[in-house]
Amino acid sequence: QDTWRFLQARGVTWCGLEHDLLGDLRHIPDTNLAEGYQLIPITHDHPQGEHLLALMAQEFPGRWQAEVSERVERGLTVLALMQEQPQLSLVGFACVFLADDATRHGYLGPSLNWAMSLSKEMMATTAGLGPIGMAASQRGKGLGLGLLTACLDYLKTQGTTHTIIDWTDLVTFYARVGARVWRSYQSAQLEL
């Protein structure tokens, strides 16, 4: 609190509050992926890889596009939500990070940066999730929760018991699958 008072006395403007969430995958609701949709893992050599990058350029240009492109190039898995009709098309995505990605791919997902503060046993079975997003044309249809639960189911098949969802303000959304606030970050701005 002394730091906050110090900063406030110097004219800091407090900005958004972001959170890292921790979820126990042993207690998540069943997947409710809508009929006509499927989740597929994409790595650098998958035929849908170029469609994923096109989706990112169209729907999420900027930071998310750059992050997903880098992750695919490194051989990491990005989960793609595919709509089956009228033709197979990619409509959503989620980045996932497994505990052994640092060893296999030389990359520790940002959501796993604080995993070292967990017990050794828990750290070995904790995965990261995020970012996660839907194409604008698909939003508002309830597909986001289906995508989220399908991603968590995928992580369970990889031996994961917990997941960390980093840097989000969507606490209520992720609480629907039992994720709870684990760490919080208060950002501030100061004119120099």
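The values are calculated or read from the model by the stated rules, or taken from the named source; none is laboratory data. This one's a predicted model, so the numbers in the text were calculated from it and none came from an experiment. Because the Cβ atoms are built from the backbone with ideal geometry, glycine has one as well, and the counts that use them run over all protein chains shown. Just the protein is used for accessible areas: all its heavy atoms, side chains included, with ligands, DNA and RNA removed. Shrake-Rupley method; radii C 1.70, N 1.55, O 1.52, S 1.80 Å.
Tabulated data
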read-out	value
Cleavage-rule hits, GluC sites (Glu not before Pro), segment 66-105, DSSP coil, Cβ neighbours within 10 Å at most 15	Glu84
Accessible area (Å², per residue) of segment 1-87, counting only protein heavy atoms and a probe of 1.4 Å	61
Expected 222 nm ellipticity per residue - DSSP helices of 4 or more, -39500 (n - 2.57), all of the chain, to 500	-8500 deg cm²/dmol
The chain - share of DSSP beta bridges that are antiparallel (%, nearest 5)	90
Counted charge near Gly23, where neighbours are those whose Cβ lies closer than 14 Å (Asp, Glu -1; Lys, Arg +1)	+1
Solvent-accessible surface (1.4 angstrom probe) belonging to Ile40, in square angstrom, nearest 10	30
Alpha-carbon centroid distance for the pair segment 131-164 / segment 57-129, whole angstrom	11
Which label in (i) 17.7; (ii) 19.8; (iii) 16.6 gives the computed Kirkwood radius over Cα pairs in Å	(i)
Rounded tilt (10° steps) of 143-157 against the dominant C-alpha axis of the chain	90
Nitroxide proxy distance, nm - points 7 Å out along Cα→Cβ at Glu73 and His46	1.9
Cβ-defined net charge surrounding Ala179, 15 Å radius [Lys, Arg +1; Asp, Glu -1]	-1
